[in-house]
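I have placed the structure first, in the form of structure tokens, so that the comments after it can refer back to it.
The values are calculated or read from the model by the stated rules, or taken from the named source; none is laboratory data. From a predicted model like this one, the values you see are computed outputs, not experimental measurements. Every residue, glycine among them, receives a Cβ derived from its backbone with ideal geometry; neighbour counts consider all protein chains shown. All accessible areas refer to the heavy atoms of the entire protein, side chains included, with ligands and DNA or RNA removed. Shrake-Rupley method; radii C 1.70, N 1.55, O 1.52, S 1.80 Å.
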Amino acid sequence: MTQPFELPSFYVPHPARLNPHLEGARAHSTAWAREMGMLEGSGIWDQADLEAHDYGLLCAYTHPDASAEALSLVTDWYVWVFFFDDHFLEIYKRSNDREGGKAYLDRLPLFMPADPATPMPEPTNPVEAGLADLWRRTVPSMGEDWRIRFAESTRNLLNESLWELANINAGRIANPVEYIEMRRKVGGAPWSAGLIEYAANAEVPKAVSGSRPLRVLMDAFSDGVHLRNDIFSYQREVEDEGELSNGILVLETFLGCTTQEAAEAVNDLLTSRLQQFENTVFTELPWLFTETGLDPEGVARVLAYVKGLQDWQSGGHEWHMRSSRYMNGGGAAASSANWWDQYAIGGIGTSALDVLRVGAGRGLPGGAGELGSLSGVNTLDGTPGSTGGVDPAVRRARSHSHVPFQQVGPSRLPEFKLPYTVQLSPHLDTSRHNTAEWAARMGMLEAQPGVPGSDIWTAEKVADYDFPLCSAGIHPDATAEQLDLTSAWLTWGTYGDDYYPVVYGRTRDLVGAKLITERFSAFMPVDGSPPPVPVNALERGLADLWERTSAPMTVDARRKFRTAVEDMVLSWVWELNNQAQHRVPDPVDYIEMRRKTFGSDLTMSLCRLAHGQAVPEAIYGSGPMRSLENAAADYACMMNDLFSYQKEVEYEGEVHNAVLVVQNFFNCDYPAAVRIVDDLMHSRLKQFEHVAQNEFPVLYDDFELGSEARALLDGYVKELENWLAGIYIWHRDCHRYGEADLRRHFGRGAAAEAAPVVGAVPVVGAVPAGASGGPADRLPDGLPAEPAGGAAAEGAGPVSVGVGGALPSGALPSGALPSGALPFGALPFGAPGLGTSAARLALAAAPVQAAAGRAEEAPRPGLVPTGPVGFGTAGARPPLVAALPGGKGAGASE
């Protein structure tokens, strides 16, 4: 059979290793599968099928250091999960039998009791028999926290098969964000991560198992596994089985591109997720270990788990290249279909050091073509570009090479096809007065004691930002008191998001930011105990809001609402840390964190308070509910990013904006990125409507909800529609984002003065810390606001510990960095630190100039300096501006 596309070149930074106990695992799993009834007579497999799939080889590659006993058990788990997948396909997917599939899946949790002593029912099919046997053999050696987590990931893996079945029934192809989220559950990689803990004797300590770094590691690992599988399985799933749940098909449909181009885009996203994994290991795990005080044994277990995830990626790739189950013939040979070879420098994060790998010449001097992005979107004038994928080293470098404070002009706004309208609250004018008075009373309009530069807001700005307008649309039926309260929450969240980058970003005081963030929890007591005495406007405002909001709540509701606030404020620190690396975020990590920086869950939870006990708690954790809320949040967040693009990119030097993230990922220009964000935003809106109209009725039936609960949830959908409409009205009518407003708030010409100066030598590392009269004095005075969720977050700007320090004497030629050349804290050309210069690979000057020669000679976003690479070579590279046509500053826009 002819392959539908040529396999792309994969990023595999570590060699696969083979477990010496392979043959024993093969023999054991064959005997076990026959004992469980999975072979002859099952109607699904025979022994020849099992041998051809060779799950023993998969596990031997993905768990190279496991003992013989552990490898056999893990192999049995994989035989079981693949048998389940094929069994569910034959019995329920091919016949579109959702009702029968649900009954089948509902029994399986009975074979995974949290208490190992709990009796199980009698199995009725091979899937139940296999699960019962595996659970009994596995859980005795693992702790309770692991059992809970592994049972949940197994349930997700099984239950979300109904989502795939529903999409087949509806003939519906998911949008990219929805697909990534659901693929994690149905794809099984989180489940695989649990088995890594078992096989590597690396059970993650409970103290850190729920933390952001561990979550990101598992999510990035999962996405890498699933996207890789989508590339290899496209032919079998889409062409043979009629599957609609495949990442290549999703991007092919969303982008309107060829199958080959979609495969390259999926592979680029796979690379980005693996590099997110590496970044998290080096930039977030050390902080986590320090903050939690994890003991050496706990640290060793986490690092062993990280190594296990790394082994799985490499081993899984090798297995896909060998298994008869997947498309792995033709195209690039196995030996050249990835970025690893025996001469590469090994270790997490070192791939950028090796410029001699096969294919590494693409996009470099003398290489073929430019930075291959999708044709049709990767060039400034819209002409087709290269179809090849982006070199991993170049992609890593590009994420650190954004030039801040580019003059982009007024934000380009697409048509917002929002079908919802809302009447504003009649209490709006009164709330405007009360909210401004409240902000002044809390101390938000004055400098904080002992905190230089903290006078970030004025009465004029509060009036222009007009947060009551947003609240009046979100809560049109609120009482006057309720409207004042929600307006104050929006004000507090936006003030905090503006405050962090100015106060903690300028001084690189990540420790100070973490300390104040940790104090916030004390001002939100769930047991009614008195809070400490507030020492600044943020604490004073939070204490007041918590007292007014939490009084009627139950203890459990207070705890959940406090978590929503904590998630939002912690996301401000994430922005500071990311800004310090001068790193445009990975697109998946950005979208998921953006919901938190926007305060989406905080404001949505305010809407849910009125539901009381009529709606079962499990409803809020269900797939349809999370899908509905995330779709609404993403629409609002991307809307904000479109409106705030000029504010963030030109006036604040931000890297946290969806349009910029798309520009960086696809290596496209501003107008092309706006089109992509617009398409994604409206695909999320269509998903919101699909869930409300099609999935909620099924959810109601599955939970056997009464009329009261159904009415409350229907009302909640309407509240979210108001939420979206209110946010749009606020963005359209407030005075925070227009060019005239920006000039008034930031000072006329401030952005132009702060923009990179042609002829200045780009500097890798820190810039002088607040020299008198220098750029620090002209820093923008605030960060973005996020009405919608109340909690601002167009992009907190900011910075981190460990990247500070002034330039050494003589580091720059005299006059090379004139006053105003770079804003304080800008790291324009990559992450600093010993040995990091090699990550900033050179781009060919000729392709750069050729690309930049189009569209009014504007340079392509994401350029990195040309010149030699390698440890200690940063100073030898010529300025980036030398490569730009016509002497224009980087980032000139239409």
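Solvent-accessible surface of the stretch 444-591, averaged per residue with a 1.4 angstrom probe and all protein chains in place: 34 square angstrom.
Placing a pseudo-label 7 Å from each Cα along the Cα-to-Cβ vector at L515 and R155 gives an inter-label distance of 4.2 nm. Report the FRET efficiency, 1/(1 + (r/R0)^6), for T563 and D97, where r is their Cβ-Cβ distance and R0 is 30 Å, rounded to 0.05. For T563 and D97, the calculated efficiency is 0.15. Look at the alpha carbon pairs under 8 Å that are at least 6 residues apart: their mean separation over the length of the stretch 642-737 gives a relative contact order of 25 percent. What shape does the stretch 63-107 have by the C-alpha gyration tensor, where a ≥ b ≥ c are the square roots of the eigenvalues, rounded means a/c under 1.5, and otherwise prolate means a/b greater than b/c and oblate the rest? Taking the square roots of the gyration eigenvalues as a ≥ b ≥ c, the stretch 63-107 is prolate.
Near F10, the amide H atoms lying under 5 Å from its own belong to N338, W339; only residues 5 or more places off or on other chains count, and H is placed 1.01 Å from N.
Working out 0.36 nm times the residue gap between D464 and L424, then minus their Cα-Cα distance, what length gain in nm do you get to one decimal? The partial results should precede the final answer.
Details: separation 40, 0.36 × 40 = 14.40 nm, distance 1.77 nm.
Full-extension gain reported as 12.6 nm.
Taking a ≥ b ≥ c as the square roots of the eigenvalues of the Cα gyration tensor of the stretch 493-578, is the shape rounded (a/c under 1.5), prolate (a/b larger than b/c) or oblate? Prolate. Model label sites at E144 and N694, defined 7 Å from Cα along the beta-carbon direction, differ in position by 4.2 nm. Placing a pseudo-label 7 Å from each Cα along the Cα-to-Cβ vector at Y620 and E704 gives an inter-label distance of 2.4 nm. How high is the relative contact order of the stretch 511-639, in percent, with contacts defined as C-alpha pairs under 8 Å that are six or more residues apart? Here the relative contact order equals 22 percent. The phi-based Karplus calculation (6.51 cos²θ - 1.76 cosθ + 1.60; θ = phi - 60°) puts the 3J(HN,Hα) values of the stretch 145-156 at 4, 5, 4, 5, 5, 6, 4, 5, 5, 5, 4, 4 Hz, whole numbers, x for Gly and Pro. Does the stretch 518-662 come out rounded, prolate or oblate, given a ≥ b ≥ c as the square roots of the eigenvalues of its C-alpha gyration tensor, rounded meaning a/c under 1.5 and, failing that, prolate meaning a/b above b/c? Judged from the Cα gyration tensor, the stretch 518-662 comes out oblate (a/c at least 1.5, b/c at or above a/b). Couplings for the stretch 109-116, taken from phi via the Karplus curve 6.51 cos²θ - 1.76 cosθ + 1.60 with θ = phi - 60°, read x, 5, 9, 9, x, 4, 8, x Hz in order; Gly and Pro are left as x. Rounded to the nearest 20 debye, the dipole magnitude of the stretch 197-261 is 500 debye, with +1 charges on Lys and Arg beta carbons, -1 on Asp and Glu beta carbons, and the Cα centre as origin.
Taking the accessible area of the stretch 1-99, probe 1.4 Å, and keeping the other protein chains in place, the carbon and sulfur fraction comes to 49%.
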